[in-house]
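Q: Structure in structure tokens, see below.
Since every read-out is calculated from the coordinates, none of them should be taken as a lab result. This structure is a prediction, so every number in the text was calculated from the model and none was measured. Note: ideal-geometry Cβ built from the backbone for every residue, glycine included; neighbour counts use all protein chains shown.
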Amino acid sequence: EIPLRLVGSEMCIRDRSRTDWKNNLDFVLIQGYGGRVDEVQGRVHRGFSRALDSVWEQVKQIIAQFQDQGQTLWFAGHSLGAALATLAVSRLVLAEDKPVGGLYTYGSPRVGDRVFAQNFNNQFKAQSFRFVNHIDIVTRLPPRQAGYSHVGTFLYFSDSVRITNDLYWWIKFLDTYPMPDATVEQRLSNGLAGAEDHGIDLYETHLARDIHINPFLLG
């Protein structure tokens, strides 16, 4: 097996990184994967796509270097790294028809439009797991009102809720922190309460806490 972890600049919404975070949210949906135009597969976040473009040849070289005996390929990432991992899987699976074992994302923003999400999920949802920690505000961005949709199998946890795939908690999150018409700046300002829930340390803590639980058997 080859685990490939894509790491980007942390999507932190505090201190100096706040400006970087706003720039990352200067989102425009574009067609194609790395220059390949394919309207059927949907549109993706321009900033994320360009970030992946900048390292794509290196990613493929690393895969070729280590996948020399038919090993399975797995992707994981947190925050911006989660977005890049998702796009990398989409390029390999949807555009290049290359098998990938699975995808695990933590605190991932949305990366594409509804058509992209539908195509991704049709082919890879059963092998893609999207972890959300309590009120992690990054998981609400970019907004659905801009045409974005999440991909993968939803998994949720917080201090009081053991890991679950019950969408009730995601809907409760949306209802508790409604921001349908807010600007990016307003979303960041109003979402500071959810900034701490975005840290990878909390995701690691909850994963360790609930490692023995199968969320698909809880009902």
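Q: Ranked from highest to lowest mean number of other Cβ atoms within 10 Å per residue, what is the order of the peptides 111-120, 196-205, 145-154? Can you show the working numbers first?
A: Working: 111-120: 21.2, 196-205: 16.6, 145-154: 18.6.
Listed from highest to lowest mean packing, they are 111-120, 145-154, 196-205.
Q: OK, next. Can you pull the one-decimal nm distance between simple spin-label points at Ile171 and His212, each 7 Å off the Cα toward Cβ?
A: Result for the modelled spin labels: 3.2 nm.
Q: Further question: Using a Förster distance of 22 angstrom, determine the FRET efficiency expected from the C-beta separation of Gln65 and Ala95, and round it to 0.05.
A: Details: r = 21 Å, r/R0 = 0.96.
Here the calculated transfer efficiency is 0.55.
Q: Show me the ranking of peptides 88-101, 70-83, 127-140, 51-64 by mean Cβ neighbours inside 10 Å, starting with the highest. Intermediate values should be presented prior to the final figure.
A: Details: 88-101: 18.1, 70-83: 21.2, 127-140: 22.8, 51-64: 14.2.
The most tightly packed comes first, giving 127-140, 70-83, 88-101, 51-64.
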